[in-house]
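Some notes on the structure that comes next.
The values are calculated or read from the model by the stated rules, or taken from the named source; none is laboratory data. Here the structure is a predicted model, which is why all the values come from computation and not from measurement. Neighbour counts run over all protein chains shown; Cβ positions are idealised from the backbone, glycine included.
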Amino acid sequence: MSSTAVWNGIHFDMNTVIPWWVIAIYVLIIALLLLYGWRKHLLSSYRTVDYVYMGLLAALLVIWNFFISPLIPKVSAVTSWFYYPDIGEIIILLLAASLIGKPGTVMVTMFIYTLLSDIFHYGFGGEPFWFIYEIIAYAAMLDLYLLLRGKYFGTNNQALGKKEVKTEQGEVRTEERVITIPGLFVIDSVIGGIIVAIAYPFFYHGFFATFVEGYSYTTNYVLTNTLVSLAGGVIMGLVSAPFVAYIRKVITGVY
């Protein structure tokens, strides 16, 4: 543990595997890309049902992490090389992205989840850095991917811009150009699975565990766990894909 001064449970230990300036640049890039998306009208406003989905999925994530996943080691041998709570987190966050399909969706979901976690379990020690961690580690990259996939995340469709169509009445209207690529929903799940799976070993062990809590990890440990978790994310993405697609179809009627 670090011997540096502690404030609100934060050690401010800079002996991290990932340098602080790398995290700072990453946060800045995320902010600039989201700003670009907003300026280009790529970010849509949320409907009431979107907030309902995000709130329910954030609550489900709390239930999974604090009540269900702790039971896994009691009934089965668990390897320390894969962060097993990611099993449920991958499915839940893929559902958030698939059901709402708007950039910012996963960030808002993780913000609500962190707030609920602090209220009912952790307390507010270490804040605001746990909000930053959950948002940039688990959500940011998935939301950036939604800038590309949008409402078609979790489907076999991809938008290719707009086109003008002339109706039988002679009117000209703008329609979205959409192509269908078989198996594209599986690629969505694999990419989402990788993003969520590497968040804990890379961002937590690589920076936040040391900076906030004062724990020390080696570069080899962080990289090895990240690579193994990446493989686990691919597997979980493949396993999750049909379940997420089915749930989306049942709830929204769209596949």
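A few remarks follow.
- Filter result for residue 246 (free of Cβ contacts under 8 Å to residues at least 60 places away in the same chain and of a type in the set (Ser, Thr, Tyr)): yes
- Residue tally, condition at pLDDT 85 or above, of a type in the set (A, V, I, L, M, F, W, C) and in contact with a Gly (Cβ under 7 Å, 6 or more places away or on another chain), over region 1-30: 3
- Pairs meeting the criteria (first residue in region 216-241 and without any contact (Cβ under 8 Å) to a residue 40 or more places away in the chain, second residue part of a helix (DSSP H, G or I) and among the aromatic types (Phe, Trp, Tyr), beta carbons under 6 Å, at least 6 apart or on different chains) are 226/202.
- Residues that are assigned to a helix (DSSP H, G or I) and surrounded by fewer than 20 Cβ atoms within 10 Å (Cβ to Cβ), drawn from region 205-225: 213, 219, 220, 221, 223, 224
- Residues satisfying the stated conditions in region 114-149, i.e. in contact with a strand residue (DSSP E or B) (Cβ under 9 Å, 6 or more places away or on another chain), crowded, with 19+ Cβ neighbours inside 10 Å and within 14 Å of residue 104 (Cα to Cα): 149
Conditions tested, residue by residue: (1) out of contact with any Lys or Arg (no Cβ under 9 Å at 6 or more places or on another chain); (2) at pLDDT below 90.
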position: 91; (1), (2): yes, no
position: 95; (1), (2): no, no
position: 116; (1), (2): yes, no
position: 129; (1), (2): yes, no
position: 144; (1), (2): yes, yes
position: 160; (1), (2): no, yes
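- If you go through region 193-215 and keep only what is in contact (Cβ under 8 Å) with a residue 40 or more places away in the chain, at negative phi and in contact with a Ser or Thr (Cβ under 6 Å, 6 or more places away or on another chain), you end up with 197, 201, 202, 207, 210, 211.
- For region 31-62, a residue qualifies if it is at pLDDT below 85 and either within 24 Å of residue 217 (Cβ to Cβ) or assigned to a loop (DSSP other than H, G, I, E, B) (or both), and the qualifying residues are 40, 41, 42, 43, 44, 45.
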